[in-house]
Each structure stands twice: as C-alpha cells, then as structure tokens.
1. Taking the condition of being open to solvent by 20 Å² or more (accessible area, probe 1.4 Å), assigned to a loop (DSSP other than H, G, I, E, B) and in contact with a strand residue (DSSP E or B) (Cβ under 6 Å, 6 or more places away or on another chain), how many residues in segment 19-44 meet it?
2. Please give the number of the condition ASP113 fails out of (1) closer than 24 Å to TYR154 by Cβ; (2) modelled with pLDDT of 95 or more; (3) among the acidic types (Asp, Glu).
3. Can you tell me which residue is modelled with the lowest pLDDT among those in segment 180-196 that are outside any loop (DSSP other than H, G, I, E, B) and open to solvent by 30 Å² or more (accessible area, probe 1.4 Å)?
4. Residues LYS65, LYS144, LYS128, LYS105: which one is of a type in the set (D, E, K, R) and more than 21 Å from ILE171 (Cβ to Cβ)?
5. Within the bounds of segment 118-126, is there any residue that is of a type in the set (Phe, Trp, Tyr), at pLDDT 95 or above, in a loop (DSSP other than H, G, I, E, B) and more than 10 Å from the chain's Cα centre (by Cα)?
6. Search segment 97-113 for residues that are assigned to a loop (DSSP other than H, G, I, E, B) and pair each with any residue that is surrounded by 22 or more Cβ atoms within 10 Å (Cβ to Cβ) and among the charged types (D, E, K, R) when their beta-carbon atoms are under 8 Å apart and the residues are at least 6 apart or on different chains.
7. Restricting attention to segment 220-261, which residues are over 26 Å from THR160 (Cα atoms) and in a strand (DSSP E or B)?
8. For segment 45-57, how many residues are assigned to a loop (DSSP other than H, G, I, E, B), within 16 Å of ASN127 (Cα to Cα) and open to solvent by 20 Å² or more (accessible area, probe 1.4 Å)?
Amino acid sequence: MKKQFFFLMIALMAMNANAKVWRLNNSGGHADFTTWTAAYNGASANDTIYVESSPTSYGDANLSKPLVLIGTGYFLQENLPTQYKNIWNASFNRIDFRTGSEGSKMFGLNCNDGVYIYCGNIVVSKNKIIDVYLGGDNNYNNIKISQNFIGYIYSGGTNTITNVIINNNFIYKVWPAWSDYRPSSIILQSNISGSIINNTISGGFFYLAWWEQTFSPAMQVNGFYIVNNIIRQGAIENNGVSNLSSNNICNSTQLTAIDGNQVNVDMSTVFVGSGSTDGQWKLKAGSPAIGAGIGGVDCGMFGGSEPYVLSGMPSIPAIYDIVMPTAVVGNANLHVNVKAKAH
C-alpha cells in the first residue's frame with residue numbers, strides 16, 4: 001500500500017511539473033492568446049491560464065477539461081494598492097464547468113452572468129459572481145465556493161451533490177426583477193448537502209406585488225452544517241432537524257438562541273459600515289461577532305481559517321507600483337523600483 005501511494009505521489013508530481021502557464025489578454029500586450037477560444041484550445045489539461053485585465057469581457061467559457069483560471073480581482077479601485085496601472089477586471093459573461101473539467105479552479109475573476117457547475121471537484125474562490133448554479137444529471141461531490149462576492153447560490157435537477165462547502169463569502173442576493181424565481185441568497189434542494197461556514201449573508205427584496213415588498217429568505221437548505229455566519233436579514237427556511245446550526249449571529253430570530261447562536265442583534269453594532277464595497281463588512285471594534293464563532297474565531301466572512309480577501313486578490317504576487325526613469329544617459333545604470341504584494 002505504501003509503495004502504491006509513493007508511486008501515485010510521483011505520478012502527480014510529474015503531471016504538475018508538465019503543466020504550463022499561459023497568458024490571455026484581449027486588450028493588447030504580448031500575451032500567448034488574445035481570445036478565450038484560442039487559449040482554451042491551446043491549453044492542455046491541468047494548465048494554468050492567467051486572464052489579464054481588460055475593459056472587454058472574454059465572453060463565455062465552457063470547460064470540459066481541468067484548468068486553473070486566475071484573474072486580477074475586482075473592486076480594484078476601491079482597495080488600493082492592488083494592481084499596477086491597469087485596474088480593469090478580468091471578466092467573463094458566463095463560465096460552465098462540464099463533465100471532464102473535474103479538478104478545475106477559478107480565482108480573481110468577474111462573472112457578469114454566473115458560474116454553472118455540472119461536475120465535482122471544482123473550486124470557485126475569490127471571484128465576483130452574479131450567481132453560482134449547481135446542477136447536472138450525474139451525482140458528484142466536492143464543490144468549494146469560498147471567499148467570493150456573490151449574488152446568490154442555487155440548484156436544479158434531482159442529482160445528489162455532497163460535500164458542498166460554502167465558506168467566507170459575502171452573499172447579498174441580487175434581485176434583477178420582480179419576477180425572479182430564486183428568492184433566497186442560498187437555495188439548495190434537499191439532494192444537496194454540505195457546510196455553510198463563516199459567511200456574511202443577506203436576503204433580498206421580494207415583491208409580493210408591485211406595491212408591497214418584503215425580505216426573501218437568507219437560506220433554504222437541508223442537511224447542512226451552518227456555523228459562524230452573520231445573517232443580516234432574511235429567514236432560514238427548512239431549518240430544524242435537517243440542519244445543524246451553531247454560533248451564528250442573526251438580526252432577528254432566524255435561529256433558536258442556543259448552541260452559541262445570537263438572535264435579535266443590531267447589525268449597526270456588527271460592521272464598520274464604511275469603506276470599500278467589500279471592506280465595509282469588516283467587524284467594528286466591540287462587535288458581538290468578534291470571537292463568537294466555534295473555537296473563538298470571528299463570525300462572518302473575515303473570520304476563520306480562510307478569511308475573505310479584499311478585492312478577491314489571488315494568492316500570487318501582484319505588482320502595484322513601478323518607478324523608473326524614461327531614459328538614461330550613455331552607459332548609466334537604469335534604476336527601477338518595483339513594489340509588490342505576495343497575497
């Protein structure tokens with residue numbers, strides 16, 4: 001058994017060593033590719049594609065092989081310093097993970113439409129996304145939705161999906177129209193199970209009629225482990241024996257005040273309430289969410305072992321400042337000062 005494990009590790013190391021890194025840029029520069037289609041066709045399984053800043057969307061991406069996609073983050077003008085010179089997003093309209101793309105990961109991207117997942121072993125982390133959809137015809141597992149700025153998460157179909165981890169996201173329930181049929185920030189059918197940990201979640205406005213509106217639920221889930229979240233508004237439906245919940249902060253009585261849950265919390269005492277679009281959800285001094293999570297961690301998106309990262313900056317070095325002369329005289333040395341963050 002040990003020998004088999006050793007040879008498996010050697011094989012995985014060899015596979016990763018052969019993976020290539022490519023640059024995609026549709027706004028100029030000396031990138032490997034200028035269109036998503038060319039980049040996708042040119043990359044092999046397990047390669048990495050750096051999707052660079054652009055004022056123009058890269059369109060739709062439909063994956064049927066495993067790739068790592070890394071963008072530049074979002075809200076780049078609000079959380080300076082972030083990127084040098086070009087502070088556009090790296091945007092797609094829609095990204096689909098189809099059968100064959102198992103093992104794919106995406107970081108630092110902006111999705112104007114959404115991310116649609118139809119297979120397992122997918123990581124969606126540090127992105128700005130309108131919605132994430134879990135669907136398909138086959139059963140699968142291991143979906144990680146982490147550290148994102150998301151409108152809502154929902155599902156369709158009757159297939160079983162297990163080990164769905166939703167952690168350290170800001171989920172705000174975008175509400176595009178009164179006729180929208182997904183009224184919750186997280187609405188997952190009973191065939192889906194997993195964990196909802198350290199998120200900051202808000203229900204959205206739900207129009208009963210054009211003259212009357214109320215808040216939609218924050219969650220509609222079954223079979224989930226719900227801990228260390230901050231529920232700003234909106235009910236938790238289908239809760240009870242089918243869900244396990246503890247150490248959550250609630251603005252009302254969404255949960256019972258047992259197992260570390262706090263109810264009827266004034267949200268003005270929880271967050272700093274100023275700064276960037278995502279930075280305003282940091283905890284203020286004296287917040288009741290500080291140390292209120294399991295093990296004494298903070299509740300909400302900035303708490304726990306994988307805290308939310310402002311602007312969704314990927315975990316790679318980013319140059320945010322370069323100072324250099326425009327010319328030098330004769331054989332004089334060219335002095336360049338570069339500032340970067342490792343993230």
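1. Residues that pass the stated criteria total 2.
2. Unmet for ASP113, out of (1) closer than 24 Å to TYR154 by Cβ; (2) modelled with pLDDT of 95 or more; (3) among the acidic types (Asp, Glu): (2).
3. ILE187
4. Residue meeting the stated conditions: LYS65.
5. yes
6. Close Cβ pairs (under 8 Å, with a partner that is surrounded by 22 or more Cβ atoms within 10 Å (Cβ to Cβ) and among the charged types (D, E, K, R)) amount to GLY108/LYS126; LEU109/LYS128.
7. ILE230, ILE231, ARG232, GLN233, ILE249, CYS250
8. Number satisfying all stated conditions: 2.
The values are calculated or read from the model by the stated rules, or taken from the named source; none is laboratory data. Quantities reported herein were computed from a predicted structural model and do not represent experimental measurements. Because the Cβ atoms are built from the backbone with ideal geometry, glycine has one as well, and the counts that use them run over all protein chains shown. For accessibility, only protein heavy atoms count, side chains too; no ligands or nucleic acids. Shrake-Rupley method; radii C 1.70, N 1.55, O 1.52, S 1.80 Å.
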